[in-house]
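**Q** Dropping the structure in here first, questions after.
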Amino acid sequence: MAVALYARVSTVKQAEKDLSIPDQLRQMQDWCAAQGYLVGESYIEPGASATDDKRPIFQQMIAEATCEPSPFEAIIVHSLSRFFRDSLEFALYERKLKRVGIRLISITQQTSDDPSGEMARKIFSIFDEYQSKENGKHTLRAMKENARQGYWNGSRPPFGYKTIEAEKLGNKGKRKQQLAIDPAESGIVQKVFDLYLQGKGDGPMGAKQIASHLNESGRTHRGTAWTRSRVHEVLSNLTYTGNFYFNRVDNKTKRTKPESEWILLPVDPIISVDQFAAVQARKSSRTFDQVPSRQLGSPTLLTGLIKCGCCGSGMTTATGKGGRYRYYKCNTRLAQHIGQCSNPAVSMDKMDTAVLEALASKVFTPERVKQILASLQKQIKASQAHDAEGIKGLQNELDELQRASDRLFEAVEKGILPLDAQLQHRSRKLQTRRQEILTEMAGNIRRREMPAIKPRQVDLFCQALKMKLMDRQSGFAKHYLRHIVSEIRVTGKQAVVTGSSAALAMAVAETKKDTSLEVPNSVYSWLPDLGSNQGPTD
């Protein structure tokens, strides 16, 4: 029998310094030789937890095992915990392998293939999951106590600090670590706070200006360029006042824990409490909800649509001369450095006017719209065969999901699996995927037909839309462009406007026949993958 070996350790450090993986492989190879099995492949996972399936080597092994024909007949592990430490996921993946005739064999926890053997494997799997959770609980408890005593737990220190060895020894004979100020990095931290509050003599600087200044002066953020977001991270980090909090965020969910679970680790301060408070006050005064409404009343027409044609980054609004002039400017130039992108800023008023006039006079004309709709009709006919195959494949996956759900509920009814939070989570995942498939199938079905559109509707649509697009006060243009226009790429003095032919067709189809001045207020999602047309605007 041809078999594959799977060896795993939980962390990269274990893989580099531990002998576990070589020992697992040696024992499995000896066992296979004694059984007369031929080892066809070895899968080694050097640092991944078995509490979930987010393991690239594991996923590669499952994918190759379930292909036809399979290159091996069984997967050999040292113990079942190497395969999974989650009882529900273990059962699901073992069942997936069984459906294609692949056995899962542990050389240290051998069981039969009869019902008693299945029960034994479930018991082993539940115990492995329990042991993993207990280990995690005890590890976190020890790390929290380590932080209470003023020692660092081993992650990368915040910018401005470094780790040094303490006098006290840890459990393995190694000296514990503490945070200390890094002289070079702490100087940059102080510089960032000073520039944000005082600037260089001509007033306070913003985050993007600080990032540009630091990059121009050759200062880096641990070898990488400064960006606006990195500057904001420094300005918001409470650690610099001398208070670092351990256990603030759950590692799996990334959610902030209740303050009662935080552990305060005092460190040497880099910034005074008063200076930090002054920075937070200035940041708060510059937030969106603190800006006077008169400065926000005029909507920005193309925000979210306009992108830089040189680097592909989005373009955002910028002002000059105390707010008298408004521009669209590349985010790369704003966040990093002016030398990172050569695309110049463009006048907001000129760009808005040019785009609207080009759409009204060159795109949304009866002749052009009829050409776009005719081209779309051809694409729909050409794609019908492909869509039919897609619907068939989705239906097969939908049937398989239904069978998986039925098996889960059957296992609960028979008492094989407990109805716990993990099983409920798995069930929700199956239901979510089911809804995604149904939505995709509906889209494929809609793609096979195009709404009936008469020439008179096209004429009415173009007439009404042209009038409303040029009305800058109503806000209609901004709302409507987001339904029909997909992207506007600006390079120098040229802009290329790309739009959805499908959305345009739906908008024309919804134009009412009894009026010459009404354009539908919304465009429903229809034919999202078919048809786009673009044209340049100088």
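The values are calculated or read from the model by the stated rules, or taken from the named source; none is laboratory data. Note that the structure is predicted; figures quoted are calculated from it, not measured. Backbone-built Cβ (ideal geometry, glycine too); neighbour counts: all protein chains shown. Note: areas computed on protein heavy atoms with side chains; ligands, DNA, RNA excluded. Shrake-Rupley method; radii C 1.70, N 1.55, O 1.52, S 1.80 Å.
**Q** So how much accessible area does residue 165 have, in Å² to the nearest 10, using a 1.4 Å probe?
**A** 130
**Q** Whole-Hz Karplus ³J(HN,Hα) for the stretch 65-76, in order, using 6.51 cos²θ - 1.76 cosθ + 1.60 and θ = phi - 60°, x for Gly and Pro?
**A** Karplus-based 3J(HN,Hα) across the stretch 65-76 equals 5, 8, 7, 10, x, 6, x, 8, 10, 7, 10, 9 Hz.
**Q** For a Förster distance of 41 Å, can you work out the FRET efficiency between the beta-carbons of residue 389 and residue 413, rounded to the nearest 0.05? Don't skip to the answer; put the middle values down first.
**A** Values: r = 37 Å, r/R0 = 0.89.
Computed FRET efficiency for residue 389 and residue 413: 0.65.
**Q** Just the accessible area per residue of the stretch 67-178, please: how many Å² with a 1.4 Å probe?
**A** Here the residues of the stretch 67-178 average 58 Å² of exposed surface.
**Q** Additional query: Considering amide H positions built from the backbone, and no H for Pro or chain starts, which residues 5 or more places from residue 265, or on another chain, come under 5 Å of its amide H?
**A** Here 244, 245, 246 satisfy the definition.
**Q** Computed FRET efficiency, Cβ-Cβ of residue 191 and residue 486, R0 51 Å: what is it to the nearest 0.05?
**A** For residue 191 and residue 486, the calculated efficiency is 0.75.
**Q** Rounded to the nearest 10 Å², what accessible area does residue 346 show when all protein chains are kept and the probe is 1.4 Å?
**A** 20
**Q** Note the full-extension length gain between residue 153 and residue 137 as 0.36 nm times their separation in residues minus their Cα-Cα distance, in nm to one decimal. Walk me through the numbers before you get to the answer.
**A** On the way: separation 16, 0.36 × 16 = 5.76 nm, distance 1.53 nm.
Length difference between fully extended and current span is 4.2 nm.
**Q** Taking a quarter of the surface of the Cα convex hull of the stretch 112-258, what do you get in nm²?
**A** Result: 14.0 nm².
**Q** With a 1.4 Å probe and all protein chains in place, put 244, 58 in order of accessible area, largest first.
**A** 244, 58
**Q** Please report the accessible area of residue 181 (heavy atoms, 1.4 Å probe, ligands and nucleic acids excluded) in Å², nearest 10.
**A** Accessible area of residue 181: about 60 Å².
**Q** Further question on the same structure: Please tell me which of these pairs span more than 27 angstrom C-alpha to C-alpha: 144/191; 257/307; 200/493; 137/176?
**A** Table pairs above 27 Å Cα-Cα are 144/191; 257/307; 200/493.
**Q** So for the pair residue 59, residue 433, with labels modelled 7 Å out along Cα→Cβ, what separation do we get in nm?
**A** 1.3
**Q** Order 363, 231, most accessible first, counting only protein heavy atoms with a 1.4 angstrom probe.
**A** Greatest to least solvent exposure: 363, 231.
**Q** Assign unit charges at the C-beta atoms only (+1 for Lys and Arg, -1 for Asp and Glu), then state the dipole size of the stretch 27-68 relative to its Cα centre in Debye, rounded to the nearest 20.
**A** For this selection, approximately 100 debye.
**Q** Subtract the Cα-Cα distance of residue 252 and residue 463 from 0.36 nm times their separation in residues, and report this length gain in nm to one decimal.
**A** 70.5 nm
**Q** Give me the extension gain from residue 73 to residue 493: residue separation times 0.36 nm, minus the current Cα-Cα distance, reported in nm with one decimal.
**A** Contour length minus Cα-Cα distance gives 144.9 nm.
**Q** For residue 108 and residue 39, FRET efficiency with R0 = 22 Å and r from the beta-carbon atoms, rounded to 0.05?
**A** Efficiency at R0 = 22 Å is approximately 0.80.
**Q** Taking amide H atoms as placed 1.01 Å from N in the peptide plane, list the residues 5 or more away in sequence, or in a different chain, whose amide H sits under 5 Å from that of residue 5.
**A** 41, 42, 43, 76
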